[in-house]
Amino acid sequence: MTVQPGTSLRELQASLPLDPLENRILLCHATGLSRVQLITRAEQALDEAQAARLETLVRRRLAGEPIAYIVGKREFFGLDFEVSDAVLIPRPDTELAVELAIERLPQNGRLLDMGTGSGAIAVAVAHARPDAAVTALDVSEAALEVARRNAANNQARVRFLRSDWFSALDANESFELIVSNPPYIAAGDEHLSQGDLRFEPAGALTDHADGLSALRAIVGGSPRHLVPGGWLLMEHGYDQAASVRALLEAGGYLDAQSWRDLAGIERVSGARFAGS
Ligand code: GLN
């Protein structure tokens with residue numbers, strides 16, 4: 001695959017070996033033009049540097065690298081997020097967890113996002129709810145560096161902590177709501193070797209076990225850090241809703257329930273902590 005200097009934007013949009021949306025994204029990235037400018041300047045030809053840049057980008061995509069990593073960003077909940085291969089690419093499914101958290105967090109409430117990755121959930125909530133006191137933790141310092149920049153770039157006030165699940169929290173620290181999109185894909189699941197997931201951090205995708213171990217740890221540890229009546233909300237896999245509700249019911253929570261994502265799949269489950 002080569003991109004010849006002198007080729008017009010119009011010709012390139014028709015001839016690049018990617019789907020039309022990905023063509024547009026990479027053309028914008030290589031040329032610095034906006035999507036509207038791609039149309040209004042369709043006859044403009046690529047210079048040598050732009051052609052070389054575009055060729056590199058297209059080759060990376062053809063090798064399977066996710067488009068979000070190639071351009072270094074992804075939109076989530078109407079905000080721009082920087083992403084790198086240190087973090088999971090934010091998914092539209094996860095916007096459900098953000099909406100549920102925003103609805104349930106009381107005024108001036110304290111929210112904890114466990115395994116924040118790019119900061120998607122924490123930053124989206126903090127942006128929508130400036131009254132909230134949002135804490136986000138992750139075990140990966142590389143992920144936290146990305147998340148901190150995402151908070152700053154979106155004017156979101158978030159306190160970040162490097163922590164292996166609950167370990168760095170004060171014993172008596174509590175929250176009105178805990179939310180998490182933890183690694184929930186079981187070891188050996190075929191999806192791990194397909195598509196974008198091949199390039200994403202394994203520790204953000206899989207628990208290297210039955211898929212439920214991180215969810216179990218969060219259900220088990222949250223009662224020590226939730227106020228009575230406080231909500232725990234967790235994203236999980238397409239076939240895990242009943243198991244997660246069972247964990248919540250066995251763990252002293254009330255009103256265990258699941259919510260469906262845009263594809264109609266039970267994607268987030270949660271419950272209120274009854275108090276001890
Ligand atoms: N939703 C992601 C996927 O299945 C997985 C994210 C996760 O493990 N938290 O592609």
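Some points to look at:
- Part-to-part distance (alpha-carbon centres) for the stretch 45-123 and the stretch 140-199, which is given in Å: 13 Å
- Check: the stretch 192-262 dipole with +1 on Lys, Arg Cβ and -1 on Asp, Glu Cβ, in debye: 200 debye
- Calculated FRET efficiency, A63 to A142, Cβ-Cβ distance, R0 = 22 Å: about 0.45 to the nearest 0.05.
- Nearest-ten-degree value, helix 141-153 long axis tilted from longest Cα axis of the chain: 80 degrees
- The length gained by stretching the chain between E22 and A42 to full extension, at 0.36 nm per residue less their Cα-Cα distance, is 5.5 nm.
- Segment R260..I102, full-extension length gain: 55.2 nm, with 0.36 nm per residue of separation and the alpha-carbon distance subtracted.
- Tilt relative to the chain, helix 20-31 - C-alpha long axis, 0 to 90 degrees, to 10: 70 degrees
- Helical mean residue ellipticity (222 nm; -39500 (n - 2.57) per DSSP H run of 4+; nearest 500) of the chain: -10500 deg cm²/dmol
- Once C-alpha pairs closer than 8 Å and six or more residues apart are averaged by separation and normalised to the residue number of the chain, the relative contact order reads 14 percent.
- Rounded to the nearest 0.05, the FRET efficiency derived from the C-beta distance between V71 and N153 at R0 = 22 Å is 0.90.
- For the stretch 139-276, averaging the sequence separation of C-alpha pairs within contact (under 8 Å, six or more residues apart) and dividing by the residue count gives a relative contact order of 22 percent.
- Fraction of beta bridges assigned by DSSP in the chain that are antiparallel (%, nearest 5): 45 percent
- A simple count of charges around E82, restricted to other residues whose Cβ falls under 9 Å of its Cβ and scoring Lys, Arg +1 and Asp, Glu -1, yields +2.
- Charged-residue dipole, Cβ positions (Lys, Arg, Asp, Glu), the stretch 125-276 about Cα centre, Debye nearest 20: 460 debye
- Only one residue of Y184, A168, G195 has its Cα farthest out toward the positive end of the dipole of the stretch 167-239, where Lys and Arg carry +1 and Asp and Glu -1 on Cβ, and that residue is A168.
- Size of electric dipole in the stretch 1-98: Cβ of Lys, Arg +1 and of Asp, Glu -1, about Cα centre, debye, nearest 20: 100 debye
- Ranked packing of 139-152, 226-239, most packed first, by mean Cβ within 10 Å: 226-239, 139-152
- Estimated from the Cβ-Cβ distance and a Förster radius of 51 angstrom, the FRET efficiency linking R224 and R35 is about 0.60.
None of the figures in this text is laboratory data; all of them are computed from the coordinates on show. Source: prediction; values computed, not measured. Backbone-built Cβ (ideal geometry, glycine too); neighbour counts: all protein chains shown.
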